[in-house]
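Chemist: Structure below; questions to follow.
The values are calculated or read from the model by the stated rules, or taken from the named source; none is laboratory data. From a predicted model like this one, the values you see are computed outputs, not experimental measurements. Counting neighbours? That spans all protein chains shown, and the Cβs are built from the backbone with ideal geometry, glycine included.
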Amino acid sequence: MNEIETEIEKFDWLIDEETAKLLLMEKNKLIERKKIKEAEGNVAIDAKIESKGKIYEKKAIAVIGDESGHCVLKLWDENKKILNYLNEGDCVRIANGLARTGIYGLEINVGKFGSISKIDKKIETKIKFEERDGIFCLKGKIEKKFPTNLFIDENYEKFSRKIIVDGKEIYLFDERAKDVSKINEGSDVILLWVYKRNGKIYATSFSKIIQKQHSESH
């Protein structure tokens with residue numbers, strides 16, 4: 001039995017020959033690592049965990065970044081449990097991930113035939129405050145806060161709240177809706193990892209809203 005057949009057998013013959021080759025190339029350090037901005041199709045990539053989102057029944061979600069930019073990471077099946085053991089700021093190595101466009105823009109998916117592991121590496125990332133497709137960051141002043149709404153969907157309670165920041169409508173969900181209750185109208189805020197969909201801007205589990213502190217001059 002050759003290496004490829006051995007690798008396929010490890011996955012109970014559920015992967016094809018091409019996937020087995022990719023996994024072997026990764027194992028033998030022969031595969032080219034891509035930057036996030038170059039990610040397309042099957043990818044191997046090193047990135048930093050910038051923000052951890054919610055762990056759902058079938059998936060976990062986070063924001064990752066490298067020197068070239070940021071995107072959303074989705075971990076499926078058994079891989080979703082790994083997010084419990086990762087901290088924001090940790091660097092990870094992804095093998096046989098699938099890069100594709102989703103509701104958050106570029107998303108890298110790691111399913112049952114992919115792998116993710118923590119690595120000892122320093123990756124420098126840079127936050128840019130610019131509105132664009134996919135996830136992005138922005139800052140401004142809260143001009144108005146609207147009351148919190150409660151939705152009940154299949155016994156799941158979901159909170160949402162709209163705020164106006166420099167003329168932009170931002171829709172906050174669940175924990176982010178609660179976060180803004182402690183921030184007054186007129187405050188300067190930083191919104192990290194929001195996303196645009198159908199012309200509207202949303203903040204979800206992996207987003208952050210931070211009140212900007214003004215330094216006092218003496």
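Chemist: Looking at Ala44, is it under 15 Å from the mean Cα position of the chain (by Cα), crowded, with 18+ Cβ neighbours inside 10 Å and free of Cβ contacts under 8 Å to residues at least 60 places away in the same chain? Can you show your working first?
Modeler: Numbers: under 15 Å from the mean Cα position of the chain (by Cα): no; crowded, with 18+ Cβ neighbours inside 10 Å: yes; free of Cβ contacts under 8 Å to residues at least 60 places away in the same chain: yes.
Judged against the criteria, Ala44 is not a match.
Chemist: Which residue, of Ile190, Ile164, is closer than 30 Å to Ser68 by Cβ and among the β-branched types (Val, Ile, Thr)?
Modeler: On the way: Ile164 fails: closer than 30 Å to Ser68 by Cβ.
After applying the criteria, what remains is Ile190.
Chemist: Let me ask something else about it. Looking at this structure, is Leu192 surrounded by 15 or more Cβ atoms within 10 Å (Cβ to Cβ) and touching a residue at least 60 places away in the same chain (Cβ under 8 Å)? Steps first, answer last, please.
Modeler: Numbers: surrounded by 15 or more Cβ atoms within 10 Å (Cβ to Cβ): yes; touching a residue at least 60 places away in the same chain (Cβ under 8 Å): yes.
Yes: the conditions hold for Leu192.
Chemist: Evaluate the following for Phe136: is it surrounded by fewer than 16 Cβ atoms within 10 Å (Cβ to Cβ) and at negative phi?
Modeler: On the way: surrounded by fewer than 16 Cβ atoms within 10 Å (Cβ to Cβ): no; at negative phi: yes.
Answer is no for this residue.
Chemist: Is it true that Lys112 is assigned to a helix (DSSP H, G or I) and either out of contact with any strand residue (DSSP E or B) (no Cβ under 8 Å at 6 or more places or on another chain) or not polar (S, T, N, Q) (or both)? Spell out the reasoning first.
Modeler: Numbers: assigned to a helix (DSSP H, G or I): no; either out of contact with any strand residue (DSSP E or B) (no Cβ under 8 Å at 6 or more places or on another chain) or not polar (S, T, N, Q) (or both): yes.
No.
Chemist: Now for a different question. From Glu18, Glu32, Glu57, which residue is at pLDDT below 85 and in a loop (DSSP other than H, G, I, E, B)? First the steps, then the outcome.
Modeler: On the way: Glu18 fails: in a loop (DSSP other than H, G, I, E, B); Glu57 fails: at pLDDT below 85.
When all the criteria are applied, what remains is Glu32.
Chemist: Restricting attention to the stretch 83-103, which residues are closer than 15 Å to Ala47 by Cβ and either part of a loop (DSSP other than H, G, I, E, B) or in contact with a helix residue (DSSP H, G or I) (Cβ under 7 Å, 6 or more places away or on another chain) (or both)? Full working, then the answer.
Modeler: Here is the first cut: in the stretch 83-103, the ones closer than 15 Å to Ala47 by Cβ are 83, 86-99.
The answer is Leu86, Asn87, Glu88, Gly89, Asp90, Ala95, Asn96.
Chemist: Further question: Which numbered condition trips up Ser160, out of (1) surrounded by 14 or more Cβ atoms within 10 Å (Cβ to Cβ); (2) outside the structural domain of Ser205 (by TED's automatic domain parsing); (3) of a type in the set (Gly, Ala, Ser)?
Modeler: Answer for Ser160: the failing condition is (2).
Chemist: So how many residues does the stretch 130-152 have that are in a strand (DSSP E or B), over 25 Å from Val92 (Cβ atoms) and of a type in the set (Phe, Trp, Tyr)? So that I can check it myself, show each step before the final result.
Modeler: Restricting attention to the stretch 130-152, the residues satisfying the condition of being in a strand (DSSP E or B) are 135-145, 149-152.
Among the residues that remain, those that are also over 25 Å from Val92 (Cβ atoms) are: 138-145, 149-152.
From what is left, the residues that are of a type in the set (Phe, Trp, Tyr) are 151.
Selection size over the stretch 130-152: 1.
Chemist: Right, something else. Of everything in the stretch 90-115, what is among the aliphatic types (A, V, I, L, M), crowded, with 16+ Cβ neighbours inside 10 Å and within 22 Å of Tyr195 (Cβ to Cβ)? Give them in sequence order. Walk me through it before giving the result.
Modeler: Here is the first cut: in the stretch 90-115, the residues among the aliphatic types (A, V, I, L, M) are 92, 94-95, 98-99, 103, 106, 108, 110.
Imposing the further condition that a residue be crowded, with 16+ Cβ neighbours inside 10 Å reduces the set to 92, 94-95, 98-99, 106, 108, 110.
Within the stretch 90-115, Val92, Ile94, Leu98, Ala99, Leu106, Ile108, Val110 meet the criteria.
Chemist: Also, quick follow-up: Could you please find all residues in the stretch 115-126 being of a type in the set (Gly, Ala, Ser) and assigned to a loop (DSSP other than H, G, I, E, B)?
Modeler: Restricting attention to the stretch 115-126, the residues satisfying the condition of being of a type in the set (Gly, Ala, Ser) are 115, 117.
Listed by number, the list is empty, since nothing qualifies.
Matching residues to (1) of a type in the set (Lys, Arg); (2) free of Cβ contacts under 8 Å to residues at least 40 places away in the same chain; (3) within 21 Å of Gly53 (Cα to Cα):
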position	(1), (2), (3)
Phe136	no, no, yes
Lys144	yes, no, no
Pro147	no, yes, no
Leu150	no, yes, yes
Ser160	no, yes, yes
Asp166	no, yes, no
Leu172	no, yes, yes
Ala177	no, yes, yes
Ile183	no, no, no
